[in-house]
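Colleague: The structure under discussion is supplied below as structure tokens; questions concerning it will follow.
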Amino acid sequence: MSPRAEEAATSVAEDRRSGKQLEELRVLLVDDHDLFRSGLRSLLEEQGLQVVGEADNGRAALRLVSELAPDVVVMDLKMPGLTGVETTRQVSSIAPRTRVVVLTISVDDDDVMDAVMAGACGYLLKDSSIDQLIAGIRAAASGESLISPQIASKLLQRLRAQTADAMVAQTIQTELSDRELEVLRLIAIGKDNAEIARELYISPKTVKNHISNILMKLQIENRIQAAVYAVRSGIV
């Protein structure tokens, strides 16, 4: 399959997934604490989600991702053996259409950064409400991203405190069009697709196309990574 055909097929798959109702989304739970996993499953199923499987370690998670092809994996970070970060990285490699939402107790800056750069589409704390988790799962399934506000704030503060990366800045300026740069800046300050569309007077579909182009040109996985890339470049 040519790159163009493969990109088109991926776009069609994402459109289908983003159009799914909540009860159609297939979710895999990965956490080494049986009691927490069982309680979370009950809560999600009460909300109408399909929990298609559970894993108590990274190796089992990767096997189930291959077997079950879930839409979203809800992933803990602190697990024995294969860590949540490494499991997330491998999920992104073996099943690029499966999205990962990290659900953990860790607010450590390095854990957040590692998970985001491994390909996580969301990062929520275990004290989040069930509504916040549902929102994170919905966002991930539709190609959006959701991070706990306190986590997002810490992440951006840390990045802004660092010296801008000249190589990243040059790559962005070279690869992206003026419109794509505008979209990237808005992503980096936390705007969703609808907000970006309103601000730039374009359709949500056009915003989605711009974001797909940005990810492809910068060779990154999702909009959280795009936000990190933008802040590192110094454009926001």
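The values are calculated or read from the model by the stated rules, or taken from the named source; none is laboratory data. Predicted model only: the values in this text are computed from it and were never measured. Note: ideal-geometry Cβ built from the backbone for every residue, glycine included; neighbour counts use all protein chains shown.
Colleague: Restricting the search to the range 99-135, which residues are of a type in the set (A, V, I, L, M) and within 19 Å of Val228 (Cα to Cα)?
Modeller: Matches in the range 99-135: Val100, Val101, Val102, Val107, Val112, Met113, Ala115, Val116, Met117, Ala118, Ala120, Leu124.
Colleague: Answer with yes or no whether Leu35 is surrounded by 10 or more Cβ atoms within 10 Å (Cβ to Cβ), at pLDDT 50 or above and out of contact with any Gly (no Cβ under 6 Å at 6 or more places or on another chain).
Modeller: When the stated conditions are applied, Leu35 does not pass them.
Colleague: If you don't mind, there's one more thing I want to ask. Quick check: anything in the range 97-106 touching a residue at least 24 places away in the same chain (Cβ under 8 Å), farther than 18 Å from Met117 by Cα, surrounded by 21 or more Cβ atoms within 10 Å (Cβ to Cβ) and among the charged types (D, E, K, R)?
Modeller: No; the residues of the range 97-106 include none that is touching a residue at least 24 places away in the same chain (Cβ under 8 Å), farther than 18 Å from Met117 by Cα, surrounded by 21 or more Cβ atoms within 10 Å (Cβ to Cβ) and among the charged types (D, E, K, R).
Colleague: Quick one: which residue in Ile220, Ile202, Ile189 is in contact (Cβ under 8 Å) with a residue 12 or more places away in the chain and either more than 14 Å from Gly143 (Cβ to Cβ) or aliphatic (A, V, I, L, M) (or both)?
Modeller: Going through Ile220, Ile202, Ile189 in turn, the sole match is Ile189.
Colleague: So in the range 175-196, with the set limited to residues that are aliphatic (A, V, I, L, M) and surrounded by fewer than 19 Cβ atoms within 10 Å (Cβ to Cβ), which one is farthest from the chain's Cα centre (by Cα)? Give the steps one after another, and end with the answer.
Modeller: Here is the first cut: in the range 175-196, the ones aliphatic (A, V, I, L, M) are 176, 181, 183-184, 186-189, 194, 196.
Going one step further and asking which of them are surrounded by fewer than 19 Cβ atoms within 10 Å (Cβ to Cβ), we end up with 181, 189, 194.
On the way: Leu181: 20, Ile189: 16, Ala194: 18 Å.
Once the filter is applied, the top-ranked residue is Leu181.
Colleague: Filter the range 32-63 down to residues that are in contact with a Ser or Thr (Cβ under 9 Å, 6 or more places away or on another chain) and in a loop (DSSP other than H, G, I, E, B), then give me how many there are.
Modeller: Residues that pass the stated criteria total 1.
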